[in-house]
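Notes follow the structure.
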Amino acid sequence: METSLDAVVSYVDRAVDQMAAIVTELGDDLANRKPVLPGSNSPYAILRHCLGVMEFWGGQVVAGREITRDRAAEFRAHGPVAGLTAATADAKRKLRADAATAKFAAPARGGPDHGMSPGELEFASQGHALLHVLEEVTQHLGQMELTRDVLRATAAGTAPG
């Protein structure tokens with residue numbers, strides 16, 4: 001079975017489009033709030049983190065560009081939704097361009113990410129790196145959907161507890 005890199009990027013696009021729709025729907029206030037749960041993140045921060053994932057794994061590991069990434073800052077990010085949705089569109093264009101340079105079975109071009117070793121599955125090939133992007137954005141889409149539901153319920157005064 002052969003995996004189409006275009007198909008992988010199309011699924012990534014769909015997931016980040018859904019996340020961008022959620023933060024847009026929530027608006028600046030709720031999109032920047034965290035649920036009152038240990039270790040929680042705001043929808044804004046979740047999407048910003050996903051954009052960092054796309055840039056690092058697509059830009060550095062697949063395309064070989066040197067990327068300076070502050071992963072911890074991604075989770076502290078906040079700001080206007082309009083700027084984040086514009087950044088999302090830009091990140092999607094960059095990932096598509098990076099993926100266009102990829103060969104699925106070719107070795108990864110960039111080095112390990114925070115705390116990961118070159119022997120990790122994500123570094124097995126350029127294709128593995130792009131599948132990791134898909135894994136991350138779909139995982140965080142689910143996290144964002146639950147976060148949205150908790151924030152809405154809390155704002156409406158209907159949160160359990």
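Partners of LYS34 within straight-line reach, counting aspartates and glutamates whose Cα lies under 12 Å from its Cα and excluding those fewer than 8 residues away in the same chain: ASP149. Taking the accessible area of the range 1-129, probe 1.4 Å, and keeping the other protein chains in place, the carbon and sulfur fraction comes to 55%.
Values of log10 I(q)/I(0) for the range 60-101 across q = 0.20, 0.25, 0.29 Å⁻¹ run -0.80, -1.01, -1.05, by the Debye formula with one identical scatterer at each alpha carbon and no solvent.
Segment ALA21..ARG152, full-extension length gain: 45.7 nm, with 0.36 nm per residue of separation and the alpha-carbon distance subtracted.
Using DSSP loop states and a limit of at most 16 other Cβ atoms within 10 Å to flag GluC sites (Glu not before Pro), what is the longest stretch of the chain containing no flagged site?
On the way: sites that count: GLU2, GLU66, GLU120.
Longest run free of exposed loop sites: 3-65.
Over the chain, DSSP H runs of length four or greater, each weighted -39,500 (n - 2.57), average out per residue to a 222 nm ellipticity of -20500 deg cm²/dmol. Computed from the C-beta positions of ARG65 and SER4 and an R0 of 41 Å, the FRET efficiency is 0.95 to the nearest 0.05.
One way to sum up the overall shape of the chain is the equivalent ellipsoid from its Cα gyration tensor, whose semi-axes run 30, 15, 14 Å, largest first.
For LYS103, the lysines whose Cα falls under 30 Å of its own Cα, not counting residues fewer than eight places away in the same chain, are LYS92, LYS94.
Starting from the Kirkwood radius over alpha-carbon pairs of the range 1-86, derive D by Stokes-Einstein at 20 °C in a medium of 1.002 mPa s and give it in µm² s⁻¹.
Stokes-Einstein gives a translational diffusion coefficient of 153 µm²/s.
The C-alpha atoms of the chain define a longest principal axis, and helix 81-100 lies at about 20 degrees to it. Does anyone have the angle between helix 43-54 and the longest principal axis of the chain? Alpha-carbon axes, 0 to 90°, nearest 10? For 43-54 against the chain, the angle is about 0 degrees.
The values are calculated or read from the model by the stated rules, or taken from the named source; none is laboratory data. Predicted, not measured: the structure shown is a model, and the values here were computed from it. Glycine also receives a Cβ, built like all others from the backbone with ideal geometry; neighbour counts cover every protein chain displayed. Note: areas computed on protein heavy atoms with side chains; ligands, DNA, RNA excluded. Shrake-Rupley method; radii C 1.70, N 1.55, O 1.52, S 1.80 Å.
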